[in-house]
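Colleague: One structure, pasted below without further comment.
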Amino acid sequence: MNNWRSPLAIFLTLLFFSLLSSADETKLFPGKVSEWHGYSMYSTKDTKVVVPKTIADGKPWVWRARFWGHKPQFDLAMLAKGYHVVYCDVGNLFGSPKAVKKWDDFYTYLRFEHLFADRAILEGMSRGGLIIYNWAAKNPEKVAAIYGDAPVMNFKSWPGGKGQGSGSKRDWQNCLKAYGFTEEQALAYKFNPIDNLKALAKAKIPILHVVGDADKVVPVAENTAIAELRYKKMGGTFEVIHKPGIGHVHSLKDPTPIIDFMMKHTKNKVAISADKIVSDKNFITRSDFQNSRFQFEQNKKGHVAFLGGSITEMNGYRPMVSEMLTKRFPDTKFNFTAAGISSTCSDTGAFRLEHDILSQGPLDMLFVEFAVNDDQDGIYNYNDAIRGMEGIIAQARRHNPNVDIIMTFFVNTNILALAQKGEMNPSTTAHSKVAEQHSISVNNLAQELADLVNSGQMTWKKFGGVHPNKYGNTMAATMIKNALFKQWSQPLAKDAKITPHPKKDLVDSKSYANGRFLPFDDIQTDANWQKGPPNWAQENKGSVRGRFQKSAMIYTKTAGAKLNITFTGTAIGAYMLSGPDAGIIKCTIDGKESKIIDTLHKHSGFNYPMTLMFFNELEGGEHILELETLENKPGRIKPGGSAFRALHFTAN
């Protein structure tokens with residue numbers, strides 16, 4: 001799993017430089033907390049996040065550009081409806097690629113670290129129109145709707161002043177600098193928002209503008225009027241609220257028309273309830289689930305665990321299934337173990353299964369999902385996804401041969417697109433193979449959603465995206481409920497007893513069936529390493545999730561630091577945090593074979609949790625690993641550093 005040699009993105013550039021590293025784990029977001037119009041606001045040097053008093057289902061949000069706090073009527077109304085309102089300063093960048101990159105990073109932070117909805121409502125006043133439209137053109141799948149308020153859609157109009165508008169000489173020079181243009185190049189530029197609407201129309205993004213017809217700063221004729229005409233010709237929804245005789249003045253005293261537009265075009269229209277829309281054709285039943293039923297019904301106790309990534313960690317399908325079991329067996333004392341950790345993949349699941357779940361006592365029922373994270377976080381091939389998921393199944397069944405297991409395939413856009421064509425991506429293909437081999441029941445939610453989308457009954461937006469909203473999670477929980485209740489529909493037979501599931505051979509002999517964390521005492525380090533919780537205020541500028549801020553680690557920031565591990569097995573690696581200062585490591589096994597591995601993850605601005613395997617094709621037996629940190633020199637797409645922070649070293 002050496003996917004980090006060519007990282008796809010650098011750490012968050014200037015986004016949270018001043019305050020992220022000192023964030024208190026008790027805070028919802030990094031930065032200074034203050035009151036804003038009765039709401040809690042978290043502010044860093046460049047960002048603001050305002051939290052609604054009651055968060056709406058799916059964590060919808062409004063992303064405002066420029067002039068924070070000016071005419072906040074719309075923002076306040078959306079906060080009252082449960083939307084977060086956020087801001088990311090890109091002043092004097094005029095929607096240039098630098099501004100778009102900064103917004104990309106902030107989106108990724110909110111989307112992955114705080115599970116915000118996949119799509120945001122973009123709000124741009126005046127020059128804010130440049131960034132919202134340029135970012136939307138690059139990321140149309142991340143936009144729910146656009147609200148432009150006297151928005152600049154052509155920098156030749158403003159600040160250029162090359163038409164009817166007054167322009168701004170100083171801002172024009174700053175604009176040229178931001179893009180790296182000469183004036184001649186700027187005037188020949190063909191990718192201003194008015195020229196770049198095709199991707200938005202294809203994505204069917206609804207647009208609303210509020211303009212003053214007498215605006216001499218951002219003339220309507222050179223901006224909104226051109227965009228409206230072109231967008232409607234492309235078949236897009238584009239409405240304009242005109243204010244006769246009004247100049248460059250923003251918003252409406254009563255924002256109701258703006259709110260109504262947004263609710264009409266972004267609110268999910270639910271014709272069929274989530275528990276009614278799903279079928280049973282995409283739940284593959286390979287068990288009668290009588291072992292868990294006997295335990296719950298006769299022994300009046302049960303240990304039920306949920307293992308996965310952020311979809312499991314969030315309050316989604318997991319509490320729904322827990323509630324369903326509690327109601328079905330009201331006299332049973334349940335121990336529900338929530339073992340979801342955002343961003344982690346099936347290999348991490350295999351290595352932490354003993355520590356996080358099996359150590360809690362005999363396991364009676366396991367729900368597991370890693371299809372999405374193996375696809376988009378690990379970018380795993382078929383073999384990698386086999387080894388992680390099969391390691392989980394094999395360990396669970398060895399721990400308790402009676403355990404009933406249900407595997408759910410959640411879904412991202414890649415998995416959905418393939419499922420709509422009747423195809424599967426590597427992770428779901430691999431997990432399906434493991435499930436078939438070990439007689440594991442599969443809740444193929446991905447295929448169910450694809451079938452419903454193909455039939456016109458559902459949309460990705462209605463489902464809620466990668467982190468499903470209440471509707472999408474209800475679909476998942478209902479498919480599980482229906483399958484279980486079908487098997488449990490008849491009274492338990494008088495001669496019923498718990499029967500061990502048959503033991504099966506591994507699909508891959510190198511699967512992580514013996515995956516485990518190695519004790520810190522097994523790790524021999526030189527003086528350049530430390531053991532214990534790092535002082536994150538002194539470590540790096542990347543944000544650190546609350547769950548990790550007090551976690552003990554073996555860590556160093558020094559190039560040339562060395563350690564060695566003697567272990568038994570076929571694989572060795574580390575469950576680690578990859579931060580913006582992540583270094584390169586040299587790993588040598590048994591003094592013979594060496595590898596150079598760049599540990600920088602594509603999302604390393606967040607001190608990203610991941611399992612990095614150094615060697616996983618070893619012959620069984622005793623081995624010695626030697627690890628040395630090397631400097632990751634600064635480059636065009638990486639910041640440089642020598643850090644390595646292991647939560648645990650892993651072996652199989």
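The values are calculated or read from the model by the stated rules, or taken from the named source; none is laboratory data. These numbers were taken from a predicted model, which means no experiment stands behind them. Cβ placement follows ideal geometry from the backbone for every residue including glycine, while neighbour counts extend to all protein chains displayed.
Colleague: Where the second residue is among the aromatic types (F, W, Y) and the first is free of Cβ contacts under 8 Å to residues at least 40 places away in the same chain and lies in the range 361-388, which pairs have Cβ atoms under 7 Å and are six or more apart or on separate chains?
Modeller: Qualifying pairs under 7 Å: none.
Colleague: Being among the polar types (S, T, N, Q) and surrounded by 24 or more Cβ atoms within 10 Å (Cβ to Cβ) is the filter; apply it to the range 423-442 and report the residue that is nearest to A483 (Cα to Cα).
Modeller: Filtering first and then ranking leaves T428.
Colleague: Report whether or not F94 is more than 22 Å from the chain's Cα centre (by Cα), of a type in the set (A, V, I, L, M, F, W, C) and modelled with pLDDT of 95 or more.
Modeller: It is true that F94 is more than 22 Å from the chain's Cα centre (by Cα), of a type in the set (A, V, I, L, M, F, W, C) and modelled with pLDDT of 95 or more.
Colleague: Let me ask something else about it. For the range 572-592, state whether one or more residues are in contact (Cβ under 8 Å) with a residue 40 or more places away in the chain, hydroxyl-bearing (S, T, Y), part of a loop (DSSP other than H, G, I, E, B) and under 16 Å from F649 (Cβ atoms).
Modeller: no
Colleague: Would you check which residues across the range 501-527 are without any contact (Cβ under 8 Å) to a residue 40 or more places away in the chain and touching a strand residue (DSSP E or B) at 6+ places or on another chain (Cβ under 7 Å) and list them? Let's see the steps before the verdict.
Modeller: Of all residues in the range 501-527, those without any contact (Cβ under 8 Å) to a residue 40 or more places away in the chain come to 509, 519-521, 525-527.
Those that are without any contact (Cβ under 8 Å) to a residue 40 or more places away in the chain and touching a strand residue (DSSP E or B) at 6+ places or on another chain (Cβ under 7 Å): F520, T525, D526.
Colleague: So which residues in the range 231-278 are under 30 Å from E448 (Cα atoms) and part of a helix (DSSP H, G or I)?
Modeller: Across the range 231-278, the qualifying residues are M262, M263, K264, H265, T266, A274, D275, K276, I277.
Yes/no per residue for (1) buried (at least 22 other Cβ atoms within 10 Å of the Cβ); (2) outside any strand (DSSP E or B):
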{"site": "G58", "(1), (2)": "yes, yes"}
{"site": "R64", "(1), (2)": "yes, no"}
{"site": "F74", "(1), (2)": "yes, yes"}
{"site": "G91", "(1), (2)": "no, yes"}
{"site": "K98", "(1), (2)": "no, yes"}
{"site": "T108", "(1), (2)": "no, yes"}
{"site": "I121", "(1), (2)": "yes, no"}
{"site": "I132", "(1), (2)": "yes, yes"}
{"site": "W135", "(1), (2)": "yes, yes"}
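Colleague: Next up: Test each condition in (1) outside any helix (DSSP H, G or I); (2) buried (at least 20 other Cβ atoms within 10 Å of the Cβ); (3) under 35 Å from the mean Cα position of the chain (by Cα) for K190 and report the one that comes out false.
Modeller: K190 satisfies every listed condition except (2).
Colleague: Could you tell me whether any residue of the range 283-304 is assigned to a helix (DSSP H, G or I) and more than 30 Å from D364 (Cα to Cα)?
Modeller: To start, the set of residues in the range 283-304 that are assigned to a helix (DSSP H, G or I) comprises 290-297.
From what's left, more than 30 Å from D364 (Cα to Cα): none.
For the range 283-304, residues assigned to a helix (DSSP H, G or I) and more than 30 Å from D364 (Cα to Cα): absent.
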